[in-house]
1. Only residues that are part of a loop (DSSP other than H, G, I, E, B), of a type outside the set (Val, Ile, Thr) and out of contact with any His (no Cβ under 8 Å at 6 or more places or on another chain): list them for segment 92-122, please.
2. Hey, can you tell me all the residues within segment 35-76 that are charged (D, E, K, R) and out of contact with any Asp or Glu (no Cβ under 7 Å at 6 or more places or on another chain)?
3. Please work out which one of (1) more than 28 Å from Leu89 (Cα to Cα); (2) within 27 Å of the chain's Cα centre (by Cα); (3) modelled with pLDDT under 95 is the condition Pro9 fails and give its number.
4. Only helices (runs of 4 or more DSSP H) wholly contained in segment 15-76 count here; list those with 2 or more residues that are aromatic (Phe, Trp, Tyr) and more than 22 Å from His130 (Cβ to Cβ).
5. Please work out if His223 is under 25 Å from Arg52 (Cβ atoms), within 18 Å of the chain's Cα centre (by Cα) and touching a residue at least 12 places away in the same chain (Cβ under 8 Å).
6. Take the residues of segment 196-223 that are closer than 16 Å to Asn169 by Cα and in contact with an Asp or Glu (Cβ under 6 Å, 6 or more places away or on another chain): which is modelled with the highest pLDDT?
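The values are calculated or read from the model by the stated rules, or taken from the named source; none is laboratory data. Note that the coordinates shown come from a computational prediction; the quantities given were computed from them, not determined experimentally. Cβ: placed from backbone, ideal geometry, glycine included. Neighbour counts: every protein chain shown.
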Amino acid sequence: MIPRSTAIPKSPSWQRQLAQSFTRLSTFLEWLGLDRSELSHLCDDSADFPFRVTRDFASRIHKGDANDPLLLQILPLQQESIVADGFSLDPVGDTHAAVSQGILQKYHGRALLITTAACAIHCRYCFRRHFPYQQQHLEKQLSDETLEKLNTPEISEIILSGGDPLTLNDKRLAQLLLQLTQLPHLKRLRMHTRMPVILPSRVTPELVGMLRDFPLPVTTVLHINHPNELDESVASALRQLHHGSRHILNQAVLLRGINDSPEILRQLCEKGFEMGILPYYVHQLDRVHGSAHFQVSKQRALKLETQLREQLPGYLVPKFVTEIAGKESKMPIGKF
């Protein structure tokens, strides 16, 4: 007798998975098998920059390992309350670069849109952890005033940022892309996102089709700091994303105790390239208040850059840069 087939329930949508993210540190530590009483250096759940991580990303953290490099990126520590010289609430001058609500313009030919305040993960070194999103983010639809600001020969590239633009649902994202097609001087679209790594299920056929049908070249810039962030679920999402995004690049942040070794950075560049990601930048830490414990010295950064050049072909060596408020471009680490 042939058994009756059992219906397999559909996987939850990416929105539902996002809603199931860990937002309570105590619950997360219990799930990881870590005893909070032995982690006296932790902040509590009421930190001014709340804890958040998707279960998908959390699944790549080694349970029971308090020094896991993925865990250290998201674990709130008491060190965040230290007031360090040279660290501020707005380290890269975002506030001064605002030309209109939700529009930042720092560099020639480009405008960055703060599409949302939402992120799927709260990285503790985030340079926008103190950003005034309530005053500086786009409305659900671009206003005529906003479109007028963007409709100029001076702007040939739009950068979608946030927060994370892929936390927007497909309807809102489609509306935004449709409005951007009205800009006659636009030549390129760039999207900065962590979602294909943090929540690979966000790369849906609908999203891929939306990007594929956009009439201008789309470049996706991911943010991956450690090779352990890349697994088969991410590789599968990236294979799909390549059908909609002409280029997929990666920028990492240099973080003490996490990726400040030539071996880790080499693995990140090589593993990413195997998945179709081209190394783009390694950023020196943006000196935002609360992140000083992640700082890597300039001398160490320059040595790492040299070591990577010795170990990798040129096209796999990312540019080591820093962002300085008021400068007209990212700056090579050795020139500041």
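1. Result: Gly93, Gln105, Lys106, Tyr107, His108, Ala118, Cys119, Ala120, His122.
2. Those that are charged (D, E, K, R) and out of contact with any Asp or Glu (no Cβ under 7 Å at 6 or more places or on another chain): Asp35, Arg36, Glu38, Asp44, Asp45, Asp48, Arg52, Arg55, Asp56, Lys63, Asp65, Asp68.
3. Here Pro9 clears every test but (2).
4. Passing ranges, in order: 25-32.
5. Here the answer is yes, as His223 does meet what is asked.
6. Leu199
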